[in-house]
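Chemist: Here you go, one structure.
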Amino acid sequence: MANKNTGEMKGAESRGATKRLQEMGHAFKQSGALIAAIEVDLFTHVSQGADTIEAISKKTGLSLWAGTKLVDTCAALGLLIKKGNTYSNAADVERFLVKGKQAYIGPWITGGRDMYDLWKDVAAILTGVKSPRGKGYYEEVWKDVKSARELHEATYSVGLAAGYKLAKTIDLSRSSLLLDLGGGSGCYSIALVSSFPTLKAIVMDYPTVCEVAKQFINEAGLSDRISTFGGDLIKVDYPPRADLMLLSSNLPNFSSRQLEIIINKAYQAMANRGIMIILGEALNDDRIGPLEPVLYSLEEALVGGEGEGHTRAEVNHLLENAGFKQIEIDDFIPEILTKFVAYKE
């Protein structure tokens, strides 16, 4: 009996000791449940008053059996809050995962599903047993407007919120023309131009992406203040005379050499006394995290890109070498985006 109890205790201790590893190894289950809940509009229906398992199941089109499983899982994940027999959304879920709300990021979350197959083959791709998916994260986006639209419809709301956040952290009232490098949907340009009445902007990206940006710009009613410029950041000259330039949320997509080219081109094209802002997924100087930037860097290998993980010190060095002065480095979105602000004299 003593031996049996000892064995049971050791088994329990072992399970406790491996909890972190097990959760990490099986995190795809949590992702799957979250994405499923978004796809059946579970959180939207809860927000609109469906607050019991029966009501949630009916509204989402799930059987009571299936609805119970999904609701139980969402409650265990802290996505739903249960009081008695009723449910409500957690605060962040209510803000970001309810359709129709300005901050809704559902498409951004569900878009991660397309990467599942790649992430199960990390070792095979890194060792060369399997080939990467393509030639970079944006390969399909370069080729057709449909792919560009799908990507940027998923990222627009997240980027727009970040753009308004940026507008609150730096005074750009003296800037007159923004060149938004790799500006995608134009979300940052839209937010900044909306926040500073004298500011105009040019969104520079691949021609296919610019077609999508025009759609968002028109919907925002800003086509008289925001234009687009189609071109590869590495290969073409930049429109001159901008006194404000922004490179945002694409740092891991570039190799060190490519990033150097972009920063140097920006400096050469920028008006004197201009401001360069980089919002990037930079690594700590010791390369121990943050986790999200590290994972973005690893993902570049899975899609066949040339991108690298860039440290804060490296980005600072490239800005200095290009000629920028008074470089300021701060957290923008902690653990995800670092803000670099540099000035051309």
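The values are calculated or read from the model by the stated rules, or taken from the named source; none is laboratory data. All of these numbers come straight from a predicted model, not from anything done at the bench. FYI the Cβ positions are ideal-geometry reconstructions off the backbone, even for glycines, and counts take in every protein chain you see.
Chemist: Which condition from (1) in contact (Cβ under 8 Å) with a residue 12 or more places away in the chain; (2) surrounded by fewer than 16 Cβ atoms within 10 Å (Cβ to Cβ); (3) not in a helix (DSSP H, G or I) is the one that ALA75 breaks?
Modeler: With respect to (1) in contact (Cβ under 8 Å) with a residue 12 or more places away in the chain; (2) surrounded by fewer than 16 Cβ atoms within 10 Å (Cβ to Cβ); (3) not in a helix (DSSP H, G or I), ALA75 is out only on (3).
Results for (1) under 16 Å from the mean Cα position of the chain (by Cα); (2) under 15 Å from ILE217 (Cα atoms), shown as yes or no for each residue.
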| site | (1), (2) |
| --- | --- |
| LEU160 | yes, yes |
| GLY163 | yes, yes |
| THR169 | no, no |
| CYS187 | yes, yes |
| LYS200 | no, yes |
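Chemist: Tell me the residue from GLY184, GLY221, GLY163 that is surrounded by fewer than 22 Cβ atoms within 10 Å (Cβ to Cβ) and either within 25 Å of LEU319 (Cβ to Cβ) or assigned by TED's automatic domain parsing to the domain that holds LEU318 (or both), please.
Modeler: Details: GLY184 fails: surrounded by fewer than 22 Cβ atoms within 10 Å (Cβ to Cβ); GLY163 fails: surrounded by fewer than 22 Cβ atoms within 10 Å (Cβ to Cβ).
Just one listed residue meets the conditions, GLY221.
Chemist: I'd like the full set of residues that are exposed (fewer than 15 other Cβ atoms within 10 Å of the Cβ) and either without any contact (Cβ under 8 Å) to a residue 12 or more places away in the chain or under 22 Å from GLN30 (Cβ atoms) (or both), limited to region 55-68. First the steps, then the outcome.
Modeler: Let us first name the residues in region 55-68 that are exposed (fewer than 15 other Cβ atoms within 10 Å of the Cβ), namely 61, 63-66.
Correct list: SER63, LEU64, TRP65, ALA66.
Chemist: So, one more: Regarding region 254-261, can at least one residue be identified that is assigned to a loop (DSSP other than H, G, I, E, B), touching a residue at least 24 places away in the same chain (Cβ under 8 Å) and not aliphatic (A, V, I, L, M)?
Modeler: We begin by selecting, within region 254-261, every residue assigned to a loop (DSSP other than H, G, I, E, B); these are 254-255.
Right, trim to touching a residue at least 24 places away in the same chain (Cβ under 8 Å) and you get 254-255.
Checking the rest, the ones that are also not aliphatic (A, V, I, L, M) come to 254-255.
Yes.
Chemist: Also, I was wondering about something else. Being over 12 Å from GLY309 (Cβ atoms) and either not in a loop (DSSP other than H, G, I, E, B) or not basic (Lys, Arg) (or both) is true for just one of ILE288, ILE234. Which residue is that? Quick ask: steps written out before the conclusion?
Modeler: Working: ILE288 fails: over 12 Å from GLY309 (Cβ atoms).
It is ILE234.
Chemist: Those residues that are out of contact with any Lys or Arg (no Cβ under 8 Å at 6 or more places or on another chain), part of a loop (DSSP other than H, G, I, E, B) and acidic (Asp, Glu), I need them from region 39-72; list them, please.
Modeler: Residue satisfying the conditions is ASP51 alone.
Rundown of residues vs (1) assigned to a loop (DSSP other than H, G, I, E, B); (2) among the small types (Gly, Ala, Ser); (3) buried (at least 18 other Cβ atoms within 10 Å of the Cβ), yes/no style:
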| site | (1), (2), (3) |
| --- | --- |
| PRO239 | yes, no, no |
| LEU246 | no, no, yes |
| ILE277 | no, no, yes |
| LEU295 | no, no, no |
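Chemist: With respect to SER189, is the statement that it is among the polar types (S, T, N, Q), closer than 22 Å to GLY307 by Cβ and assigned by TED's automatic domain parsing to the domain that holds GLN215 true?
Modeler: Working: among the polar types (S, T, N, Q): yes; closer than 22 Å to GLY307 by Cβ: no; assigned by TED's automatic domain parsing to the domain that holds GLN215: yes.
Against the criterion (among the polar types (S, T, N, Q), closer than 22 Å to GLY307 by Cβ and assigned by TED's automatic domain parsing to the domain that holds GLN215), SER189 does not qualify.
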